[in-house]
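Reading through the structure tokens given below for one structure.
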Amino acid sequence: MRLVFAGTPEVAVPALDALIASERHEVAAVVTRPDAPAGRGRRLVASPVAQRAEEAGIEVLRPARPRDEDFLARLREIAPDCCPVVAYGALLPKAALDVPARGWVNLHFSLLPAWRGAAPVQHAIMAGDEVTGASTFLIEEGLDSGPVYGVVTEEIRPTDTSGDLLTRLALAGAGLLAATMDGIEDGTLRAVPQPAEGVSLAPKITVEDARVDWAAPALRVDRVVRGCSPAPGAWTLFRGERLKLRQTALAPDRTGLAPGELAVGKNTVHAGTGSHAVELLWVQPQGRKPMAAADWARGVRIARGERLGD
């Protein structure tokens with residue numbers, strides 16, 4: 001098939017690579033978000049998908065809005081058979097959805113209908129799911145509600161951050177998306193409607209969502225830290241300033257600390273929760289780079305009884 005691939009961040013690149021490598025399909029163009037300012041100089045930088053497409057000599061379309069008539073006209077000129085999508089980052093209007101004869105097929109990082117929305121991996125970890133996966137489905141105008149072509153499953157490991165899990169899902173999902181394109185092309189795949197039961201939503205994680213509640217059980221605190229890593233980053237307050245928590249570990253043998261209360265050992269830092277303690281492994285003070293929690297604690301000279309949080 002003649003394809004137009006839509007995607008933006010690094011997590012979409014493995015799927016683009018898999019389609020470029022396919023001997024059965026042609027990636028005629030790529031649709032991505034416009035170049036965005038990055039770094040200290042706020043210089044405009046192309047998205048990871050745009051950079052990969054340019055390396056491969058593929059035309060890149062960067063519409064400010066997918067409803068822009070110039071973009072729609074060019075899409076019609078290219079005349080794709082199908083448009084695979086991975087984390088594009090903008091809603092597609094009906095005028096765009098109607099262009100490819102075989103539709104737009106999205107690779108979504110959950111087992112639909114669970115965790116429809118922008119942050120499925122983060123929500124799966126924060127909810128304590130033991131298994132997740134990736135799904136390919138035909139895009140409709142609803143939110144991730146279209147019929148499903150195929151799935152792959154992935155175990156959520158006890159120490160997984162959202163970054164760890166998303167890296168594995170991106171690789172497994174790339175193979176799934178390529179296989180889905182093959183099945184659509186040769187007529188062996190049919191999309192199956194999603195069940196009405198088991199629907200859950202995964203809206204974008206806000207900064208407030210990433211704030212640690214020290215009165216919650218240790219398991220919940222650890223899940224928030226892992227689910228919000230690397231972005232937006234779990235955080236708390238220490239002496240009135242924001243402190244990001246980059247990595248923690250459960251410490252079930254460490255008890256007797258009040259919620260948020262800190263206990264500093266020679267090379268350890270523990271914080272109390274609503275159950276047992278968690279060990280702080282990596283933290284990031286406001287305006288500084290991440291550092292080992294023990295080094296941070298030595299630098300700030302934590303007093304007995306000091307707490308994290310309000």
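The values are calculated or read from the model by the stated rules, or taken from the named source; none is laboratory data. Note that the coordinates shown come from a computational prediction; the quantities given were computed from them, not determined experimentally. Here Cβ is always computed from backbone atoms with ideal geometry, including for glycine, and neighbour counts include all displayed protein chains. Just so you know, the surface numbers come from the protein's heavy atoms only, side chains and all, with ligands and any DNA or RNA stripped out. Shrake-Rupley method; radii C 1.70, N 1.55, O 1.52, S 1.80 Å.
Tell me, yes or no, whether the stretch 238-258 has at least one residue that is in a loop (DSSP other than H, G, I, E, B), at pLDDT 95 or above and either under 30 Å from L138 (Cβ atoms) or in contact with a helix residue (DSSP H, G or I) (Cβ under 7 Å, 6 or more places away or on another chain) (or both).
No, that holds for no residue.
Quick check on A64: is it crowded, with 20+ Cβ neighbours inside 10 Å and not charged (D, E, K, R)?
Numbers: crowded, with 20+ Cβ neighbours inside 10 Å: no; not charged (D, E, K, R): yes.
So A64 fails the test.
May I ask you to say which residue of S135, S162 is surrounded by 16 or more Cβ atoms within 10 Å (Cβ to Cβ) and either on the phi > 0 side of the Ramachandran plot or out of contact with any Lys or Arg (no Cβ under 9 Å at 6 or more places or on another chain) (or both)?
Answer to the check: S135.
Among residues belonging to the stretch 96-110 that are over 30 Å from P232 (Cα atoms) and among the small types (G, A, S), point out the one that is surrounded by the most Cβ atoms within 10 Å (Cβ to Cβ).
Among residues in the stretch 96-110 that are over 30 Å from P232 (Cα atoms) and among the small types (G, A, S), the one surrounded by the most Cβ atoms within 10 Å (Cβ to Cβ) is A96.
Has the stretch 103-118 got at least one residue that is assigned to a loop (DSSP other than H, G, I, E, B) and over 23 Å from the mean Cα position of the chain (by Cα)?
Yes, the conditions are met somewhere in the stretch 103-118.
Look through the stretch 168-208, keep the residues that are among the aliphatic types (A, V, I, L, M) and open to solvent by 80 Å² or more (accessible area, probe 1.4 Å), and return whichever of them is farthest from V13 (Cα to Cα).
Across the stretch 168-208, the extreme among qualifying residues is A196.
I'd like to verify a number: residues in the stretch 1-36 that are in contact with a strand residue (DSSP E or B) (Cβ under 6 Å, 6 or more places away or on another chain) and not β-branched (V, I, T), how many?
Final tally of qualifying residues: 15.
Of the residues P93, P113, P80, which is crowded, with 16+ Cβ neighbours inside 10 Å and either within 24 Å of M1 (Cα to Cα) or among the hydroxyl-bearing types (S, T, Y) (or both)?
Numbers: P93 fails: crowded, with 16+ Cβ neighbours inside 10 Å; P113 fails: either within 24 Å of M1 (Cα to Cα) or among the hydroxyl-bearing types (S, T, Y) (or both).
Checking each option against the conditions leaves just P80.
Out of all the residues in the stretch 269-292, which are assigned to a loop (DSSP other than H, G, I, E, B) and either open to solvent by less than 50 Å² (accessible area, probe 1.4 Å) or touching a residue at least 40 places away in the same chain (Cβ under 8 Å) (or both)?
G272, T273, G274, S275, H276, Q286, P290
Just wondering, is there one or more residues in the stretch 220-228 that are assigned to a loop (DSSP other than H, G, I, E, B) and open to solvent by less than 70 Å² (accessible area, probe 1.4 Å)?
yes
To keep it simple, each residue is scored yes or no on (1) surrounded by fewer than 19 Cβ atoms within 10 Å (Cβ to Cβ); (2) at pLDDT 95 or above.
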residue	(1), (2)
A6	no, yes
P14	no, yes
R33	no, yes
A38	yes, no
A53	no, yes
D70	yes, yes
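Out of all the residues in the stretch 147-167, which are of a type outside the set (D, E) and either assigned to a loop (DSSP other than H, G, I, E, B) or under 19 Å from V225 (Cα atoms) (or both)?
Those that are of a type outside the set (D, E) and either assigned to a loop (DSSP other than H, G, I, E, B) or under 19 Å from V225 (Cα atoms) (or both): P147, I156, R157, P158, T159, T161, S162, G163, L165, L166, T167.
Kindly check whether there is at least one residue in the stretch 127-146 that is in a helix (DSSP H, G or I), in contact with a helix residue (DSSP H, G or I) (Cβ under 8 Å, 6 or more places away or on another chain), closer than 19 Å to A12 by Cβ and not aromatic (F, W, Y).
Scanning the stretch 127-146, I find no residue that is in a helix (DSSP H, G or I), in contact with a helix residue (DSSP H, G or I) (Cβ under 8 Å, 6 or more places away or on another chain), closer than 19 Å to A12 by Cβ and not aromatic (F, W, Y), so the answer is no.
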